[in-house]
Amino acid sequence: MKIALFGYGKMGKMIEQIAENRGHEIVAKIDVDTVEVDFSNMDVAIDFSMPSAAFGNITQCFEHGVPVISGTTGWLQDFNKALARCEETGSAFIYASNFSLGVNIFFELNEYLAKMMRQLKQYNVDIEEIHHTQKLDSPSGTAITLAEGIIANTDYTGWKLDEAPKGEIPIIARRIADTPGTHTVNYESEVDTIAIVHTAHNRQGFALGAVIAAEWIVGKKGVFTMKDVLNLG
Ligand SMILES: NC(=O)C1=CN([C@@H]2O[C@H](COP(=O)(O)OP(=O)(O)OC[C@H]3O[C@@H](n4cnc5c(N)ncnc54)[C@H](OP(=O)(O)O)[C@@H]3O)[C@@H](O)[C@H]2O)C=CC1
Ligand SMILES: O=C(O)C1=N[C@H](C(=O)O)C[C@H](O)C1
């Protein structure tokens, strides 16, 4: 498979290694300085770039009929517009705030736990995410997906960074050098705490998930999620 990498930073480089080990060819490494892109020579694009660049990269690929795997976080204000462009152009798209198998299982666990906690008003929930200090967006995309999973299954109506009013979920974002990504969902009562935690030890899980999604999407049309790719839920 011919893969174009939009964004050749920490994740782009890790995806290159894993894709080549699985027999794929990297045909383009598109970065902030790239002047011209040859869209005719790629089977699939994988975008791990920057919040300000993701929407433009993704929609350019759609215009050229190239399916897109998007891992960039922090651009969700344009998400619905991207979905509409995908449908209009007859292209194919997967966005995931986190491509690792472990986190996608964690997302399922989070929703299952939220359903059980719905009636237990003595517990208050919060989410903590810890990432490396180069991270541009806050809270993390993964923390937002976790919050959305709780909101869909309880009476919580929204989330806020740091302090949140009653009925909304506080998300605490910490930045610590060299931390690939740790997410905790905490239910606190006066008598105890129930916590679920996912800790990434490195970036390999994110990159492998993105390459597996790219292998899966070629030849398909429409908007999909990692649940489709991994047959979860
Ligand atoms: N969904 C998931 O599983 C995961 C998502 N992520 C997300 O992926 C994104 C990238 O993460 P990471 O690799 O760590 O970040 P890096 O900062 O290491 O890499 C981002 C790269 O994008 C480049 N870039 C800037 N502008 C453009 C542009 N217009 N087109 C293409 N590339 C551009 C940057 O170039 P330059 O440095 O020259 O500006 C840089 O090389 C982040 O949003 C992060 O949150 C990260 C890990 C897992
Ligand atoms: O920027 C990162 O590094 C990561 N970003 C994603 C996010 O915002 O959730 C996924 C992962 O946690 C690493």
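The values are calculated or read from the model by the stated rules, or taken from the named source; none is laboratory data. Only a predicted model underlies this, so the values are computations on that prediction, with no experimental measurement involved. Here the Cβ positions follow ideal geometry from the backbone for every residue, glycine too, while neighbour counts run over all protein chains shown.
A few notes on this one:
- If you go through the range 165-204 and keep only what is polar (S, T, N, Q) and either in contact with a helix residue (DSSP H, G or I) (Cβ under 7 Å, 6 or more places away or on another chain) or under 29 Å from residue 22 (Cα atoms) (or both), you end up with 179, 182, 199, 202, 204.
- Scanning the range 192-206 for residues that are loosely packed, with under 14 Cβ neighbours inside 10 Å and either among the aromatic types (Phe, Trp, Tyr) or part of a strand (DSSP E or B) (or both) returns 193, 195, 197, 199.
- Scanning the range 106-136 for residues that are surrounded by fewer than 18 Cβ atoms within 10 Å (Cβ to Cβ) and closer than 14 Å to residue 206 by Cβ, we see that the one that is nearest to ligand 1 (Cβ to nearest atom) is 135.
- Residue check, residue 139 surrounded by 13 or more Cβ atoms within 10 Å (Cβ to Cβ) and not assigned by TED's automatic domain parsing to the domain that holds residue 16: yes
- Of residues in the range 219-233 being part of a strand (DSSP E or B) and not small (Gly, Ala, Ser), the one surrounded by the fewest Cβ atoms within 10 Å (Cβ to Cβ): 223
- Among the residues of the range 70-82, those identified as surrounded by 13 or more Cβ atoms within 10 Å (Cβ to Cβ), touching a Phe, Trp or Tyr at 6+ places or on another chain (Cβ under 8 Å) and more than 22 Å from residue 215 (Cβ to Cβ) are 75, 78, 79.
- Candidates are the residues of the range 20-44 that are under 17 Å from residue 72 (Cβ atoms) and in contact (Cβ under 8 Å) with a residue 12 or more places away in the chain; the one that is nearest to the chain's Cα centre (by Cα) is 44.
- Qualifying residue in the range 182-191 (condition: closer than 22 Å to residue 152 by Cα, hydrophobic (A, V, I, L, M, F, W, C), in the same structural domain as residue 132 (by TED's automatic domain parsing) and not in a loop (DSSP other than H, G, I, E, B)): yes
- Restricting 143, 84, 152 to those that are small (Gly, Ala, Ser) and in contact with a strand residue (DSSP E or B) (Cβ under 7 Å, 6 or more places away or on another chain) reduces the list to 143.
- Restricting attention to the range 160-177, the residues that are over 20 Å from residue 114 (Cα atoms) and either under 19 Å from the mean Cα position of the chain (by Cα) or not in a loop (DSSP other than H, G, I, E, B) (or both) total 3.
- Residue in the range 36-69 that is farthest from residue 13 (Cα to Cα), counting only those that are hydroxyl-bearing (Ser, Thr, Tyr) and touching a Ser or Thr at 6+ places or on another chain (Cβ under 9 Å): 59
- Residue tally, condition within 14 Å of ligand 2 (Cβ to nearest atom) and within 18 Å of residue 213 (Cα to Cα), over the range 47-68: 4
- Scanning the range 45-57 finds no residues that are over 24 Å from residue 78 (Cβ atoms), part of a loop (DSSP other than H, G, I, E, B) and small (Gly, Ala, Ser).
- Among (1) without any contact (Cβ under 8 Å) to a residue 40 or more places away in the chain; (2) touching a strand residue (DSSP E or B) at 6+ places or on another chain (Cβ under 9 Å); (3) buried (at least 17 other Cβ atoms within 10 Å of the Cβ) - the single one residue 53 does not satisfy: (1)
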